[in-house]
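Notes to accompany the following structure.
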Amino acid sequence: MATLTIRIDARLDAQLRDLSARTGIGKSAFVREAVRRQLAVARLEELRRRVAPFAEARGWLTDEDVFEEVS
């Protein structure tokens with residue numbers, strides 16, 4: 001497993017320590033999951049940008065437009 005060192009301010013560190021104590025989830029595990037989630041969000045946003053021109057060409061401007069088409 002690789003190691004990543006980050007710097008966070010005291011307030012964020014306190015919030016992370018509190019959450020870790022309340023949930024029993026280690027700080028590293030929590031941060032790993034947060035990074036995984038953020039990477040997934042970034043990938044989804046990237047994919048949406050790439051397909052947007054194709055969707056707009058079909059008249060799909062909102063998620064509801066897509067749901068109506070596939071329902």
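Rule-based calculations on the coordinates, nothing more; no lab input. Note that the coordinates shown come from a computational prediction; the quantities given were computed from them, not determined experimentally. So basically every Cβ, Gly included, is an ideal-geometry build from the backbone, and we count neighbours across all protein chains shown.
A few notes on this one:
- Where trypsin sites (Lys or Arg not before Pro) fall in DSSP loop in region 16-71, at most 15 other Cβ within 10 Å: Arg58
- Converting phi to 3J(HN,Hα) with the Karplus coefficients 6.51, -1.76 and 1.60 and the offset θ = phi - 60°, region 13-19 yields 4, 5, 5, 5, 5, 4, 4 Hz in sequence order, with x at every glycine or proline.
- Distance between the pseudo-spin-label points of Glu56 and Asp18 (7 Å out from Cα toward the beta carbon): 4.3 nm.
- With both labels modelled 7 Å from their Cα along Cα-to-Cβ, the Glu46 to Glu33 distance reads 2.4 nm.
- Working note: Karplus 6.51/-1.76/1.60 with θ = phi - 60° gives region 57-69 the couplings 5, 8, x, 8, 9, 9, 4, 4, 4, 5, 4, 4, 5 Hz, where Gly and Pro are set to x.
- Positive-end residue of Ala52, Val41, Leu12, charge dipole of the chain with Cβ unit charges: Leu12
- Charged-residue dipole, Cβ positions (Lys, Arg, Asp, Glu), region 10-70 about Cα centre, Debye nearest 20: 640
- Residues in region 45-54 carry Karplus couplings, in order, of 4, 4, 5, 4, 4, 6, 8, 3, x, 5 Hz; the curve used is 6.51 cos²θ - 1.76 cosθ + 1.60 with θ = phi - 60°, and Gly or Pro positions show x.
- Where Rh is the Kirkwood radius over Cα pairs, Rg/Rh for region 10-70: 1.29
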